[in-house]
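Colleague: Here you go, one structure.
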């Protein structure tokens with residue numbers, strides 16, 4: 001019994017030693033919440049509601065280049081300044097809103113992501129976090145990369161830091177909306 005106690009104490013000490021530099025994540029998430037449907041029965045109504053509310057600018061493509069699960073994603077508008085871009089890629093800007101696409105079909109993810117971007121712009125948010133996951137085939141990751149590359153309201157995107165999901169998530173930097181309605185600037 002003494003050996004078991006000393007092994008348990010050694011395990012606890014090893015755990016504390018391994019966790020000594022860990023810092024709790026500070027959650028600062030937005031009021032935007034787009035939740036996935038609970039069951040497949042509710043999915044069609046969920047998608048119908050999104051379709052009538054949001055004309056999607058994103059379309060699924062079976063012809064886009066396949067992305068591997070551990071691939072680092074990055075794309076940016078050429079006019080974006082080096083200092084902003086460096087800070088953005090280093091994860092120095094905290095996401096103002098987060099969307100988790102786990103469990104969504106490709107079509108649901110397209111509609112939800114488009115609506116999320118639109119709502120975020122309306123709220124005045126500039127930095128977003130989209131969790132797409134990696135998956136064995138990286139289907140959503142591939143689609144998200146494809147959609148965001150030419151999205152008219154996205155200035156830049158890159159894979160997140162490990163604390164926000166690593167290569168299973170992306171940071172988005174959105175264009176500013178001017179006061180004159182739907183006109184956007186960098």
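Coordinate-derived values only; no laboratory data. Predicted model, so just to flag it, every value in this text is computed and none were measured. Note that we place each Cβ from the backbone using ideal geometry, even for glycine, and neighbour counts take in every protein chain shown.
Colleague: Rank the residues 108, 8 as a footprinting-exposure proxy: fewest other Cβ atoms within 10 Å of their Cβ go first.
Modeller: Arranged by neighbour count, lowest to highest, 108, 8 become 8, 108.
Colleague: What full-extension length gain, to one decimal in nm, is calculated for residue 136 and residue 92 as 0.36 nm per residue of separation minus the Cα-Cα distance?
Modeller: 12.9 nm
Colleague: A follow-up question, please. Report the full-extension gain for the segment residue 20 to residue 163: residue separation times 0.36 nm, less the Cα-Cα distance, to one decimal in nm. Walk me through the numbers on the way to the answer.
Modeller: Working: separation 143, 0.36 × 143 = 51.48 nm, distance 1.63 nm.
Extending this stretch completely gives an extra 49.9 nm.
Colleague: Relative contact order of segment 53-173, please, whole-number percent, based on alpha carbon pairs below 8 angstrom and at least 6 residues apart.
Modeller: It rounds to 39 percent for segment 53-173.
Colleague: May I ask what percent, to the nearest 5, of DSSP beta bridges between residues of segment 85-186 are antiparallel? Walk me through the intermediate numbers first.
Modeller: Working: 12 of 16 bridges.
Of the beta bridges lying entirely in segment 85-186, close to 75 percent run antiparallel.
Colleague: Evaluate E = 1/(1 + (r/R0)^6) for residue 150 and residue 105, where r is the Cβ-Cβ distance and R0 equals 25 Å; express this FRET efficiency to the nearest 0.05.
Modeller: Result of the calculation: an efficiency of 0.70.
Colleague: Exposure proxy check: 20, 86, 126, 176 ranked by fewest other beta carbons within 10 Å?
Modeller: Sorted ascending by nearby Cβ count, the order is 20, 86, 176, 126.
Colleague: Multiplying the sequence separation of residue 65 and residue 11 by 0.36 nm and subtracting their Cα-Cα distance, what value in nm do you get?
Modeller: Length difference between fully extended and current span is 14.8 nm.
Colleague: Still on this model: Taking neighbour counts of Cβ atoms within 10 Å as a proxy for exposure, in what order, fewest first, do 111, 80, 129 appear?
Modeller: Ascending Cβ contact count within 10 Å gives the list 80, 129, 111.
Colleague: Return the distance in nm (one decimal) between the two label points of a simple spin-label model at residue 80 and residue 118, each offset 7 Å from Cα along Cα→Cβ.
Modeller: It works out to 2.3 nm between the two label points.
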